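Have a look at the structure below, then the notes.
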Amino acid sequence: MSTYDNIYAIVRQIPKGRVATYGQVADLAHFYGKARLVGYALYQVDERSSDIPWHRVINSKGEISYSPLRQGGDHRQRYLLEQEGIIFSSKGRVNLHQYQWQP
């Protein structure tokens, strides 16, 4: 299994209405301290045709990691999370105590 496939296998386990952090996914995939690697892997996902719930991975502050390279994907990520019942604070944060997935 490739590095990215290992990451994708973890992300596929995150249930609807829950989130995980990049670091959490890295640790679960045995890539300790490599949160950016998770970000790189998820950037490669075709969000329209993939079964990987990429939108359920956020940063350790409980925020979406915005990037101009995602060409609107950031706003789509928030929309998808809100459709799953996840509530954002006025500062754009998700309450990790409430929504973080605990495998």
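The values are calculated or read from the model by the stated rules, or taken from the named source; none is laboratory data. None of these values were measured; they are calculated from a predicted model. Here Cβ is always computed from backbone atoms with ideal geometry, including for glycine, and neighbour counts include all displayed protein chains. The protein model used for the area step is the full one, side chains on, heavy atoms only, and it has no ligands, DNA or RNA in it. Shrake-Rupley method; radii C 1.70, N 1.55, O 1.52, S 1.80 Å.
Details
- Criterion applied to Tyr79, Tyr40 was being open to solvent by 100 Å² or more (accessible area, probe 1.4 Å), more than 24 Å from Asp5 (Cα to Cα) and not β-branched (Val, Ile, Thr), and the one residue passing it is Tyr79.
Matching residues to (1) surrounded by 14 or more Cβ atoms within 10 Å (Cβ to Cβ); (2) free of Cβ contacts under 8 Å to residues at least 24 places away in the same chain; (3) β-branched (Val, Ile, Thr); (4) within 13 Å of Val57 (Cα to Cα):
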| position | (1), (2), (3), (4) |
| --- | --- |
| Met1 | no, yes, no, no |
| Ile7 | yes, no, yes, yes |
| Val11 | yes, no, yes, yes |
| Ile14 | yes, no, yes, yes |
| Val25 | yes, no, yes, yes |
| Ala35 | yes, no, no, yes |
| Gln44 | no, no, no, no |
